[in-house]
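Any read-out appearing in this document is the output of simple, stated calculations on the displayed coordinates, not a laboratory observation. Everything quoted here is computed from the prediction, not taken from an experiment. All Cβ positions, glycine included, derive from the backbone under ideal geometry; neighbour counts span all protein chains shown.
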Amino acid sequence: MVFSGIAGCIVILILIFRARLLAPSGFFWILLTLKIVFAVAAGFIYKIYYGGGDTLTFYKGAISLNQYLNDGLFVYLNHLIDPINYGNLTEPRTEFFIRMVSVVSLFSFENYWIISIYFSVLSFLCCWVLFVDLIKDKDFFKPAIMATLLLPSVLFWSSGLLKETVALMGIMMICWALIPFINKKRIPTFRVVLAVIGFYIIYSLKYYYAATIALVLFPLIVSLIVKRSFPKKQIVRVYGVYLISFLAPLAVINYMHYNFHYSRILTVIVDNFLLYGQNSESFNQISYNGLEPTLASIGINFPYAVFGALFRPLPWESWNFISFLISMENLILLALFIYSLYHWKHFLKYDSLILITALIFVIITSGALALSTPNFGTLSRYTSLLKPILVLVIMHYGNVYQELSHQLRRF
């Protein structure tokens, strides 16, 4: 265990220094340190403030799984491949994450804090690699650093021993793989492999994110191929292909998870809403107007759900210090979003297919999450994976950073 722990430290250090060489900059170390601090802070908050939580459950489950090493490596590997209810947990996503934590723990001295730091560092490195690719377009620098590396809610909820930390890595892998394709270049095989791994991780941990990713990426890829193969085709036909291409992933999603079966998806959403409502106080959750498992009811409440997921709680809805910090970020994000709409003409300068795809992903995912998970605290953690995309749309495509800089210079 000591040898593997030392090997793990060496591998992490190699990855850090290789990532540093991608874009030499002093703030790399500042941001990395900040990520590590957030990992430790998240652990203390769960241990001391909350007195427990998922992060400790994952750790205990992993240590329990590691006990099979006493019976031999093959016994451990057998249980790793075929998990058997670690810590009395039967939820597949939890079991998958515990297996990941178990493997990482073998290279981190089975220490909770080192495991948390490792996950945070790997999450940061994935964000850093994407950031380095984005800033090859100089207009992306400030929006990219804010979206991928500096957003407080993302920094916190994607730090430490949490599912969101690893799920964010998966999203960053997919985005990184798509950049060459968007720039009309061939996607390297290595990036394709990482994108597939990232999608599998997201599906195993956050299947609802995987569903919306599949839903929006397939039409985008197909329509961009058509647009580039037939440049003289009318834009109306390209968007026709884009809309029709949604049919294929919609058919596949029906079989991705039993909760997505068309006969039960609306019932699952409402049942989850009722379950969370019973376990939450009225002041820290979203209330809906008679939510029922019908398309009409879901449609009526959906815009309210999207707003609640992305911009609530607001400061006057906060109930403790942590919720107040979250609400301040939400208020700033809401103000920037409104400001970007005021300068809506800037959106017309960019490839509308990419912009529309990003917005559809954010809207569908945030609305579905808020309808089924109305608790503000849980919702803030779940939607932290959406915030980088939303901030990138607002700051870059909405030209908010440039407009604000221009106004400040005039002032």
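In table form, for the structure just shown:
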read-out	value
Long-range HN-HN contacts of Q285 with modeled amide H, under 5 Å	F376
Whichever aspartates and glutamates have a C-alpha closer than 15 Å to that of K387, once near sequence neighbours (fewer than 8 apart) are set aside	E164, E329
Farthest toward positive dipole pole in the range 46-142 [+1 Lys/Arg, -1 Asp/Glu at C-beta], among C126, Y68, I98	C126
Tensor-based shape of the range 109-218 (alpha-carbon gyration tensor, a/c under 1.5 rounded, otherwise prolate or oblate)	oblate
Ascending count of other beta-carbon atoms within 10 Å, so fewest first, for W316, W176, W29	W316, W29, W176
Nearest-20 debye value, the chain charge dipole, Cβ charges on Lys, Arg, Asp, Glu	1720 debye
Proxy reagent accessibility, fewest Cβ within 10 Å first, across S263, S153	S263, S153
Kyte-Doolittle mean at least 1.0, axial Cα span of 27 Å or more - DSSP H helices of the chain	2-22, 112-134, 163-182, 207-229, 321-342, 352-372
Which listed pairs, of K136/K185; K163/K184; K185/K227, have C-alpha distances above 22 Å, in listed order	K163/K184
Leading residue at positive end of dipole, the range 1-205 (Cβ point charges), from I81, Y46, F141	F141
Kirkwood Rh, Cα atoms: Rg over Rh of the range 1-158	1.02
Long-range tail of P(r) for the chain (Cα pairs > 33 Å, %)	35 percent
Overall form of the range 158-292 per C-alpha gyration tensor (a/c, 1.5; a/b vs b/c)	oblate
Within the range 202-248, trypsin sites (Lys or Arg not before Pro) in DSSP loop having at most 10 other beta-carbon neighbours inside 10 Å	K232
Residue exposure sequence - V391, V40, V193 - by fewest surrounding Cβ within 10 Å	V193, V40, V391
Percentage relative contact order, the chain, counting C-alpha pairs under 8 Å, at least six apart	16 percent
